[in-house]
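Below: the structure, in structure tokens.
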Amino acid sequence: PQDLQNAPALARLAPTEASAFLAYDHAVKRTDGAIPPKTREWIALAVALTTQCGYCLDVHTRAAKRLGTTRQELAEIALIAGAVRAGATVGHGLLALRLFDEAPPQTIGR
């Protein structure tokens, strides 16, 4: 959490990129979209769980709780995210298998 105190310094060092990031971040947090705020937080929380971003996890867990998320809902979100991540591993395994099959045979001595 102390690292977040460095956010203003980071933004000053790259103001164009920081402004663009913050504008995008604020746009996706809007409350007038087709997806309600609680659902947006659930999506953000699931992504934070799969990307394993501690900062995002802190921010989105707290926001989800403020929006009425229960411990049971949090547990289900975590397990859904885990299953999707596991599924992605299998999907990448399929890709690796195809790439293996497409690779030229190993040659000894080269």
Candidate values (1) 16.9, 46; (2) 14.8, 42; (3) 19.9, 64, label of the one derived for Rg and Dmax of the Cα atoms in Å: (3)
Counting each DSSP H run of 4 or more residues in the chain as -39500 (n - 2.57), what helix-only mean residue ellipticity at 222 nm follows after dividing by all residues, to the nearest 500 deg cm²/dmol? -24500 deg cm²/dmol
Net charge contributed by nearby residues that have their C-beta within less than 13 Å of residue 33 (K/R +1, D/E -1): +2
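Quick check: net charge around residue 52, other residues with Cβ under 14 Å of its Cβ, Lys/Arg +1 and Asp/Glu -1?
Local charge sum for residue 52: 0.
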Ordering 80, 108 from largest to smallest accessible area (1.4 angstrom probe), what's the sequence? 108, 80
If you average the sequence gap of Cα pairs under 8 Å that are 6 or more apart and divide by the length of the chain, what percent do you get for the contact order? 19 percent
So how do 21, 100 rank on accessible area, 1.4 Å probe, biggest first, that is with the largest at the start? 100, 21
Output wanted: per-residue J couplings in Hz (rounded whole) for segment 11-17, from phi through Karplus 6.51 cos²θ - 1.76 cosθ + 1.60, θ = phi - 60°, x for Gly and Pro. 5, 5, 6, 9, x, 5, 5
Percent carbon-and-sulfur accessible area, the chain, ignoring ligands, DNA and RNA, probe 1.4 Å: 65 percent
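The values are calculated or read from the model by the stated rules, or taken from the named source; none is laboratory data. Owing to the predicted nature of the structure, the values given are computational and were not obtained by experimental measurement. FYI the Cβ positions are ideal-geometry reconstructions off the backbone, even for glycines, and counts take in every protein chain you see. Note: accessible area is taken over every heavy atom of the protein model, side chains too, but ligands, DNA and RNA are not part of it. Shrake-Rupley method; radii C 1.70, N 1.55, O 1.52, S 1.80 Å.
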